[in-house]
1. Restricting attention to the stretch 164-206, report how many residues are surrounded by fewer than 19 Cβ atoms within 10 Å (Cβ to Cβ), of a type in the set (A, V, I, L, M) and more than 13 Å from the ligand (Cβ to nearest atom).
2. Assuming Pro130 fulfils every condition listed in (1) away from the ligand (no atom under 16 Å from the Cβ); (2) in contact with a helix residue (DSSP H, G or I) (Cβ under 6 Å, 6 or more places away or on another chain); (3) in a helix (DSSP H, G or I) apart from one, which condition is it?
3. What's the total number of residues in the stretch 39-71 that are touching a residue at least 12 places away in the same chain (Cβ under 8 Å), over 25 Å from Glu195 (Cα atoms) and of a type outside the set (Lys, Arg)?
4. Of all residues in the stretch 73-103, which are buried (at least 17 other Cβ atoms within 10 Å of the Cβ) and touching a strand residue (DSSP E or B) at 6+ places or on another chain (Cβ under 7 Å)?
5. Within the stretch 194-219, count every residue that is over 17 Å from Leu136 (Cβ atoms) and not in a strand (DSSP E or B).
6. Could you pull out the residue among Thr187, Thr176, Thr153 that is free of Cβ contacts under 8 Å to residues at least 24 places away in the same chain and either of a type outside the set (A, V, I, L, M, F, W, C) or at positive phi (or both)?
7. Quick one: His157 ticks every box in (1) crowded, with 17+ Cβ neighbours inside 10 Å; (2) away from the ligand (no atom under 16 Å from the Cβ) except a single one, so which number is it?
8. Would you check if there is a residue in the stretch 138-150 being charged (D, E, K, R), assigned to a helix (DSSP H, G or I), within 14 Å of the ligand (Cβ to nearest atom) and touching a Leu at 6+ places or on another chain (Cβ under 8 Å)?
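The values are calculated or read from the model by the stated rules, or taken from the named source; none is laboratory data. Just so it is clear, the model here is predicted, and its values are computed rather than measured. Glycine also receives a Cβ, built like all others from the backbone with ideal geometry; neighbour counts cover every protein chain displayed.
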Amino acid sequence: MFKALLECLFGTPSKDEESSSPATVQTNTRSVQAPASPKRKLTFNPDTITSDAIDGAFEHLGLLIPSVKPSIEAAIYRCMAEGFKAVALSHRKDGEQLSKEEKKAFGIRSNAFMSKRAASELSEKGTLKPLEAHYLTLWRADFTIDRAKRILTASGHEFGRISQLGAHRDGCAFCTENYDSYIDPFTASPFPPAECPNAACGMMYHASVDWVAVHKSRC
Ligand SMILES: [Zn+2]
């Protein structure tokens, strides 16, 4: 019987040693009930999250004019492979550049890249941060989309859970409070928390499965 218990508990590798934390117990309780209860809803719409994340970044930062959303939508898919800073740089680099005088008027150095098109996409607020406007917008939206993907992954499993990673808490009270704790994927939001003081919250989510809870539920 003891052997059976061991096999039951350890027959499949446990992916996380922290599964006995109080937050996990809470997750387990909720997850055990999940199959019998109605389908739970996520805090966001997975079908429109890319568009919603970009809208959120535009609204919160206000650095780009809303009509350039399609150009950010086209660029966001490159961020994962190239990084949002490189994507923003290539956007500013492509096409006819501002003259030296025009760059001076923007307060940017003469050897910085700034295409006429990229300059025309800046809002009034964005003209105060011409070299950062695109990459901060991409960064904020890209991290939101990435968090949404992790939430979606975790929510697809009966014992799925989200833990928060990210070394750059940078004065964010939510990040500090929730760092290294488990979050229910159905209550987790992919959007940066309201209290985050940063242009783009560095919070990252990690999706995992509480395998010990899975085995206990099947014993
Ligand atoms: Zn934050």
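1. 1
2. Answer for Pro130: the failing condition is (3).
3. Here the count works out to 2.
4. Arg92, Gln97
5. Final tally of qualifying residues: 12.
6. On the way: Thr187 fails: free of Cβ contacts under 8 Å to residues at least 24 places away in the same chain; Thr153 fails: free of Cβ contacts under 8 Å to residues at least 24 places away in the same chain.
That would be Thr176, the only listed residue that is free of Cβ contacts under 8 Å to residues at least 24 places away in the same chain and either of a type outside the set (A, V, I, L, M, F, W, C) or at positive phi (or both).
7. Every listed condition holds for His157 apart from (1).
8. Yes: the stretch 138-150 contains one or more residues that are charged (D, E, K, R), assigned to a helix (DSSP H, G or I), within 14 Å of the ligand (Cβ to nearest atom) and touching a Leu at 6+ places or on another chain (Cβ under 8 Å).
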